[in-house]
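A quick write-up on the structure given underneath.
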Amino acid sequence: MPGNAFGRAFRFTTWGESHGPAIGCVVDGVPPKIPLAEADLQPWLDRRRPGQSRFTTQRREADQVRILSGTFEGRTTGTPIALTIENLDQRAKDYGDIKDKFRPGHADMTYWSKYGIRDFRGGGRASARETAARVAAGGVARKVLAHLLDGAVTIRGALVQVGPYGIDPARWDWEQVEQNPFWCPDAETVEGWAEFLDEVRKDGSSTGAVVEVVAKGVPAGLGEPVYDKLDADLAKAMMSINAVKGVEIGAGFAAAALSGEDNADEMRMEDGEIAFLSNAAGGILGGISSGQDIVVRFAVKPTSSILTPRRTVDIHGKDTEISTKGRHDPCVGIRAVPVGEAMMAIVLTDHLLRHRGQCGL
């Protein structure tokens, strides 16, 4: 009912607010005897951490994760794993002038309509700060995947569009992703994005983005037919990320313009195994993984907290204007890349454990 948990066999529940003392999650369903330490999770949080370039919020958070339960002598025990991350750089005073006003495009009005009360400090649970807990849970999921599948699965994300400017897929280079502040796989696009975002930031505005996440080495057979399809759960996982407004798998919406011949991923036998000649399906057929790369893209809307004055109303039902000061991402899609990776890892781990329970490995 409350909607703060995700998954079935591998399940995590997040808690905490943007400007509260801490955020965190409880991860349940992790098999026992898997090596797990805070050092295994911290690198993923470091990738999402704010304040690492001028293109993200300048809020300074160490995002240091602590394991409170669920491990003993460096291995999982099979009991719930509690993870916590302290909030160390809150500035609630930044929101004092707008505490009674609803930010257009933000969840302020809907939270107020649902609960009759809201945490105006950064949006509370609606803040992208919540995603740090997802990344921590995703780190646990990666350990489970690596343990059960001998490290065969690789999950990587990249930013493929900022505002109206997309990359050239022909220049895709995974090695470039870690070499720039945008997680961009196209080196020639980086400079243009930097100039564009500098202008957006200078204008006190924001812009959207598109993130692509690819999972390689996923075995065929993961996913449940009809209502718990692998792509259905992936779509829900990505749509649950703050500010995401659209998700597509494989060719996605472009499939509507394809012919049946072009959309059909033809097959041949190679070295005794089925080999696909294309991947319009994004690695999922009938809701079940095909063994090909699983490809998911999601669109992130512009950050709702902007300096440009916008018309709105307040909690008293009066017309007013709002300009949001403080530290905000000019493009929140940049830091959504490691979040998308985490949600991919969580869904794959959940379905791997479900598949193991029904069909074995």
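Think of the stretch 224-300 as having a plus end and a minus end, set by charges on the Cβ of Lys, Arg, Asp and Glu; of I274, G291, I241, I241 sits farthest toward the positive end of this dipole.
Mind listing which GluC sites (Glu not before Pro) in the stretch 250-299 are in a DSSP loop and have 10 or fewer other Cβ atoms within 10 Å?
Those that pass, being in a loop and sparsely packed, are E266.
Tell me the per residue accessible area of the chain using a 1.4 Å probe; a whole number in Å² is fine. Using a 1.4 Å probe on heavy atoms only, each residue of the chain averages 48 Å². Among G340, H328, G250, flag the residue with its Cα farthest along the positive direction of the charge dipole of the stretch 229-361, charges on Cβ as +1 for Lys/Arg and -1 for Asp/Glu. So the residue furthest toward the plus end is H328.
Rounded to whole Å, the principal axis extents of the Cα atoms in the stretch 199-242 read 49, 24, 10, largest first. Amide H contacts under 5 Å for T312: T320, E321, I322, restricted to partners 5 or more places along the chain or on a different chain, H placed in the peptide plane at 1.01 Å from N.
Could you work out the mean projected area of the convex hull around the alpha carbons of the stretch 149-239, in square nanometres to one decimal?
Details: hull surface 31.8 nm².
The number I arrive at for the stretch 149-239 is 7.9 nm².
Hey, what angle do you get for helix 131-148 against the long axis of the chain, alpha-carbon based, 0 to 90 degrees rounded to 10? So the helix axis and the longest Cα principal axis differ by about 10 degrees.
Please list the non-local residues whose amide H lies under 5 Å from the amide H of V332, H modeled 1.01 Å from N, same-chain partners needing a gap of 5 or more. Here the answer is T207, T303, since their amide H atoms fall under 5 Å of that of V332.
Diffusion coefficient (Stokes-Einstein, Kirkwood radius over C-alpha pairs, 10 °C, 1.306 mPa s) for the stretch 255-360: 85 µm²/s, rounded to a whole number.
Among 149-156, 8-15, how do they line up by average Cβ neighbours within 10 Å per residue, starting with the highest?
The packing order, highest mean first, is 8-15, 149-156.
With Cα atoms as the point set, the stretch 119-274 shows a radius of gyration and Dmax of 18.6, 60 Å. The accessible surface of the chain, taken with every protein chain in place and a 1.4 Å probe, is 52 percent carbon and sulfur. Karplus-based coupling profile of the stretch 226-242, in residue order and whole Hz: 6, 8, 10, 4, 4, 6, 5, 5, 5, 4, 5, 4, 6, 5, 6, 6, 3, with θ = phi - 60° in 6.51 cos²θ - 1.76 cosθ + 1.60 and x standing for Gly or Pro. Convex hull volume per residue, computed on the Cα atoms of the stretch 214-288, equals 109 Å³.
Largest first and in whole Å, the equivalent-ellipsoid semi-axes of the stretch 60-195 read 31, 29, 14, each the square root of five times a Cα gyration tensor eigenvalue.
Think of the stretch 206-251 as a dipole: +1 on every Lys or Arg Cβ, -1 on every Asp or Glu Cβ, centred on the Cα centre; then among A220, V210, A232, V210 lies furthest on the positive end. Quick one: net charge around Q179, please, counting Lys, Arg +1 and Asp, Glu -1 for every other residue with C-beta under 15 Å from its C-beta. That works out to -3.
What you get for the chain, charging only the Cβ of Lys and Arg (+1) and of Asp and Glu (-1), is a dipole of about 1680 debye around the Cα centre. Dividing the radius of gyration of the alpha carbons in the chain by their Kirkwood radius gives 0.98 for Rg/Rh.
Counting charges near G333 (Lys, Arg +1; Asp, Glu -1) among other residues having Cβ under 12 Å from its Cβ returns a value of +2. Only helices enter the 222 nm calculation for the chain: every DSSP H run of n ≥ 4 contributes -39,500 (n - 2.57), and dividing by all residues gives -8000 deg cm²/dmol, rounded to 500.
Each Lys or Arg adds one and each Asp or Glu subtracts one; over the other residues with Cβ under 15 Å from the Cβ of K229, this totals -3.
The values are calculated or read from the model by the stated rules, or taken from the named source; none is laboratory data. What you are looking at is a predicted structure, and each value in this text was computed from that prediction instead of being measured. So basically every Cβ, Gly included, is an ideal-geometry build from the backbone, and we count neighbours across all protein chains shown. These accessible areas exclude ligands, DNA and RNA; they are computed on the full protein's heavy atoms, side chains included. Shrake-Rupley method; radii C 1.70, N 1.55, O 1.52, S 1.80 Å.
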